[in-house]
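I'd like to ask some things about the structure below.
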Ligand SMILES: C[S@@+](CC[C@H](N)C(=O)[O-])C[C@H]1O[C@@H](n2cnc3c(N)ncnc32)[C@H](O)[C@@H]1O
């Protein structure tokens, strides 16, 4: 059995030549926070309100352009008419969407009206090694969009469950196409996390690693590729494990982290897992891991760094939150900590 995960590079997953030092990342995030706050404050309140309301166009235009295959067709500079011919899109509508997209940096329109790809266009292509396009497929789905539309201040119900009739993970298991889209989105982040964790933590092969809620095992396979001699087990729900990647040092186990986590590993990873659950459920998962972990084992919890990009409405006690946490919090009534 060989690895089906090609060894990702920083250029593949983030578009940078090398992983930046943590301090540089924190500094850049702070700078972005400040610039964003300044950008907002420079606009009068009514403009801020209108800009916020029409933020929904960002989501829809990006999805529509990707559905039309624009990033894939836009290999080099071309006219909108040529882009329309290549994608089969309506030329007039495409012209307007392309103009909108150019204000967001997803592509560029030059002075003579030619459309050019940008670094973001490349990341939106289906064949890009970072795989981030999968996020468009996932976030553009009717199940996610419907959940967002049901957000209301008058109820504490889970918008995703209310909209779709099932909780998020149950729905994904019942709809393999959507489950695959969600897994694909997770895999994009997992490549990045695998790359970062290989560098950020000390590993002592032949160390064994259990990735709890580790999706299709992409993070673990990336880590195993980068740290020879490590062995790993990914634990996730049966439907997800059924789509697990293959790697000679990786074992995929179907299970339920609320019930039990495999015991005896040197390291347990929980990456973007705790944020999916309310306090009681999060405590239950952590208790399962604590029960499985022998004395001396390490437990590594990875959650996204807080930025001001999208403060979460999930918890009034936390002033700042990251986008991924706020996304989960908004559509599925989850928690920010
Ligand atoms: C937000 S995703 C994170 C995936 C992965 N750790 C990553 O960062 O790419 C949460 C994962 O938890 C898994 N999950 C949900 N409920 C679970 C349960 N009861 N037991 C084990 N895994 C579960 C989901 O299937 C999903 O793969």
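When DSSP assigns beta bridges and you keep just the ones with both residues in the chain, what percent turn out antiparallel, to the nearest 5? Numbers along the way, then the final one.
Numbers: 5 of 23 bridges.
Taking every DSSP beta bridge within the chain, about 20 percent pair in antiparallel fashion.
Let me ask something additional. Once you keep just the Cα pairs under 8 angstrom separated by 6 or more residues, what percentage relative contact order results for the stretch 133-332? List each step's numbers first, then the result.
Numbers: 355 pairs, mean separation 33.8, N = 200.
Once normalised by length, the contact order is 17 percent.
Would you mind pulling out the separation of the Cα centroids of the stretch 129-161 and the stretch 21-62, in Å?
Taking the Cα centre of each part, the stretch 129-161 and the stretch 21-62 sit 21 Å apart.
Here's another thing I want to ask about it. Once the Cα gyration tensor of the stretch 1-62 is found, what semi-axes does its equivalent ellipsoid get, as square roots of 5 times the eigenvalues, in whole Å, sorted largest first? Don't skip to the answer; put the middle values down first.
On the way: eigenvalues 251, 80, 10 Å².
They are 35, 20, 7 Å, listed from largest to smallest.
Hey, fewest Cβ within 10 Å first, where do 204, 266 land in order?
204, 266
Taking the highest mean first, how do the peptides 132-140, 216-224 order by number of other beta carbon atoms within 10 angstrom per residue? Don't jump to the answer; show the numbers that get you there.
Values: 132-140: 19.9, 216-224: 28.7.
Going by the mean number of other Cβ atoms within 10 Å, highest first, we get 216-224, 132-140.
Next up: Return the calculated 222 nm mean residue ellipticity for the chain, to the nearest 500 deg cm²/dmol, obtained by summing -39500 (n - 2.57) across DSSP H runs with n ≥ 4 and dividing by the residue count. Don't skip to the end; give the middle numbers.
Numbers: 17 runs with 167 residues, N = 337.
Computed mean residue ellipticity for the chain: -14500 deg cm²/dmol.
Hey, another quick one. Round to the nearest 10 and give me the degree value, 0 to 90, for the angle of helix 176-200's Cα axis relative to the longest principal axis of the chain.
Result, in degrees: 70.
Quick one: length gained pulling residue 202 to residue 290 fully straight, 0.36 nm per residue minus the C-alpha distance? It would help to have the intermediate numbers written out before the result.
Working: separation 88, 0.36 × 88 = 31.68 nm, distance 2.09 nm.
Gain on extension, residue 202 to residue 290, equals 29.6 nm.
Now for a separate question. Subtract the Cα-Cα distance of residue 102 and residue 67 from 0.36 nm times their separation in residues, and report this length gain in nm to one decimal. Walk me through the numbers on the way to the answer.
Details: separation 35, 0.36 × 35 = 12.60 nm, distance 1.71 nm.
Gain on stretching residue 102 to residue 67: 10.9 nm.
Residue separation times 0.36 nm, minus the C-alpha to C-alpha distance between residue 82 and residue 304: what's the value? Don't skip to the answer; put the middle values down first.
Values: separation 222, 0.36 × 222 = 79.92 nm, distance 4.04 nm.
Contour length minus Cα-Cα distance gives 75.9 nm.
Let me ask something additional. Sort 53-66, 183-196 by the packing proxy (mean of other Cβ within 10 Å over each peptide's residues), most packed first.
Final packing ranking: 183-196, 53-66.
Laboratory data are not the source of any read-out in this text; all were calculated from the coordinates shown. Bear in mind that the values here come from a model prediction, so they are computed numbers and not experimental data. Don't worry about glycine lacking a Cβ; one is built from the backbone with ideal geometry, like all the others, and counts go over all protein chains shown.
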